[in-house]
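Read the structure below first, then the notes.
The values are calculated or read from the model by the stated rules, or taken from the named source; none is laboratory data. These figures come from a predicted structure and were not determined experimentally. Counting neighbours? That spans all protein chains shown, and the Cβs are built from the backbone with ideal geometry, glycine included.
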Amino acid sequence: METIQLGESTSYRSGKAGLTRIPIEKLYVKSGYHCKLNDVLFFCEKLEKGEEMEPIEVNQNNMIIDGAKRYYACKRLNYKYIQVKAREVFVEEFIGERFKIIK
C-alpha cells in the first residue's frame with residue numbers, strides 16, 4: 001500500500017485493482033459502532049511504522065463495512081486521504097463488532 005501524504009488535495013483511482021483514494025471526511029461508520037481505544041492505538045502504531053495494511057472496505061455510500069478501527073487510526077493521525085476498496089453491498093444490522101452483509 002502506498003503512503004498517503006497529508007497535504008494532497010486530489011483523489012484518483014489507484015493502479016491496484018478496485019482501490020480508490022478519497023478524502024477521509026467522505027467516509028463514515030454506521031451509527032452505534034464502538035471500538036476500544038487500545039485497538040485504535042494499535043493501528044496508529046502500525047501506520048506510524050509504515051506497515052502495510054489492508055484497505056478499508058466501503059459500500060456505494062462510503063459507509064465503512066470493514067476497517068473501522070483502521071479508519072479511526074487514520075483520523076487520529078490526521079490523514080486527509082485514505083485508500084479504500086469499494087464493494088456494492090447493503091448493511092442490514094450490526095452483530096457485535098461485525099456487520100451482517102446482505103448482497
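Determine, yes or no, whether GLY96 is modelled with pLDDT of 90 or more, out of contact with any Leu (no Cβ under 8 Å at 6 or more places or on another chain) and of a type in the set (Gly, Ala, Ser). Full working, then the answer.
Numbers: modelled with pLDDT of 90 or more: no; out of contact with any Leu (no Cβ under 8 Å at 6 or more places or on another chain): yes; of a type in the set (Gly, Ala, Ser): yes.
It is false that GLY96 is modelled with pLDDT of 90 or more, out of contact with any Leu (no Cβ under 8 Å at 6 or more places or on another chain) and of a type in the set (Gly, Ala, Ser).
Return yes or no: is ASN59 among the polar types (S, T, N, Q) and more than 16 Å from PRO23 (Cβ to Cβ)? Considered against the rule, which asks whether it is among the polar types (S, T, N, Q) and more than 16 Å from PRO23 (Cβ to Cβ), ASN59 comes out as yes. Within the set ILE4, ILE64, the sole residue that is more than 18 Å from ARG87 (Cβ to Cβ) and either at pLDDT below 95 or not in a loop (DSSP other than H, G, I, E, B) (or both) turns out to be ILE4.
Residues that are among the charged types (D, E, K, R) and in a loop (DSSP other than H, G, I, E, B) were ranked within region 8-29; the one that is modelled with the lowest pLDDT is GLU8.
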